[in-house]
1. Tell me whether region 154-165 contains one or more residues that are more than 23 Å from residue 19 (Cβ to Cβ), part of a loop (DSSP other than H, G, I, E, B), touching a residue at least 60 places away in the same chain (Cβ under 8 Å) and of a type outside the set (S, T, N, Q).
2. With respect to residue 134, is the statement that it is within 25 Å of residue 13 (Cβ to Cβ) and at pLDDT 95 or above true?
3. Looking at region 114-140, which of its residues are assigned to a helix (DSSP H, G or I) and farther than 25 Å from residue 54 by Cβ?
4. Looking at this structure, is residue 52 under 23 Å from the mean Cα position of the chain (by Cα), within 30 Å of residue 107 (Cα to Cα), in a helix (DSSP H, G or I) and not small (Gly, Ala, Ser)?
5. When you scan region 11-40, how many residues do you find that are touching a residue at least 12 places away in the same chain (Cβ under 8 Å) and farther than 24 Å from residue 156 by Cβ?
6. So, of the residues in region 129-151 that are within 16 Å of residue 16 (Cβ to Cβ) and aliphatic (A, V, I, L, M), which turns out to be surrounded by the fewest Cβ atoms within 10 Å (Cβ to Cβ)?
7. Scan (1) more than 21 Å from residue 40 (Cβ to Cβ); (2) under 18 Å from the mean Cα position of the chain (by Cα) for the single condition residue 123 breaks and write down its number.
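The values are calculated or read from the model by the stated rules, or taken from the named source; none is laboratory data. Here the structure is a predicted model, which means the values were calculated and not measured. Reconstructed Cβ throughout: ideal geometry from the backbone, glycine too, with neighbour counts over all protein chains shown.
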Amino acid sequence: MSQPSKVYGLLAEFETPAGVYHACETVRDAGYTRWDSLTPFPVHGLDKAMGLKRSPLPWVTLVMGLTGASSAMALQWWVGAIEYKMVISGKPLFAWQPSIPITFELGVIFAVFGTLFGLLHLCRLPRFHHPLFSSARFDRVTDDRFFIAIESDDPKYDPIATRSLLESAGASAVELVEDRDEG
């Protein structure tokens, strides 16, 4: 029995990096927001051609690192100066100098985990199946072809107008991709 499917979007194939670069500018200028370009290697300036904003991931890393470091320092202060007051060799109840290694380590580990989970969230991962993988044409993305995929969830998506836009942007082929529920 066949599984129900819905339209994922349109997949356009381009033969050169310059072709996909200019097509990205065309799609960006047309006002599409839910789309991506897929290439076998990095194409210089493609993020600018797509109109991508800077990632918020560095801010997530900074906030999590500072949270870890301040938590470590606060815990060490609380333990030494409040909960277990012990004067040893006339030293103060809390000194920041011996607390630096633990503060550094906890700051690093919070930053690492914040970066990992922030990246997974921003990339909408894990996703165990992507609709583009069902396209035979898309297999060449790791070899020598360049692609633009426009999702049907995009507010400007119209099957006929979007196909026309991609063809006028120089696509050698435009394919409708269905999203079969593999889960």
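1. Within region 154-165, one or more residues are more than 23 Å from residue 19 (Cβ to Cβ), part of a loop (DSSP other than H, G, I, E, B), touching a residue at least 60 places away in the same chain (Cβ under 8 Å) and of a type outside the set (S, T, N, Q).
2. no
3. From region 114-140, those assigned to a helix (DSSP H, G or I) are 114-122, 131-134, 137-140; that's our starting set.
131, 132, 133, 134, 137, 138, 139, 140 - these are the residues of region 114-140 that are assigned to a helix (DSSP H, G or I) and farther than 25 Å from residue 54 by Cβ.
4. Details: under 23 Å from the mean Cα position of the chain (by Cα): yes; within 30 Å of residue 107 (Cα to Cα): yes; in a helix (DSSP H, G or I): no; not small (Gly, Ala, Ser): yes.
Considered against the rule, which asks whether it is under 23 Å from the mean Cα position of the chain (by Cα), within 30 Å of residue 107 (Cα to Cα), in a helix (DSSP H, G or I) and not small (Gly, Ala, Ser), residue 52 comes out as no.
5. Residues meeting the conditions: 4.
6. Among them, the one singled out is 141.
7. With (1) more than 21 Å from residue 40 (Cβ to Cβ); (2) under 18 Å from the mean Cα position of the chain (by Cα) applied to residue 123, the lone miss is (1).
Yes/no matrix, rows are residues, columns are (1) aliphatic (A, V, I, L, M); (2) touching a His at 6+ places or on another chain (Cβ under 7 Å); (3) closer than 16 Å to residue 150 by Cβ:
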residue: 32; (1), (2), (3): no, no, yes
residue: 54; (1), (2), (3): no, no, no
residue: 64; (1), (2), (3): yes, no, no
residue: 69; (1), (2), (3): yes, no, no
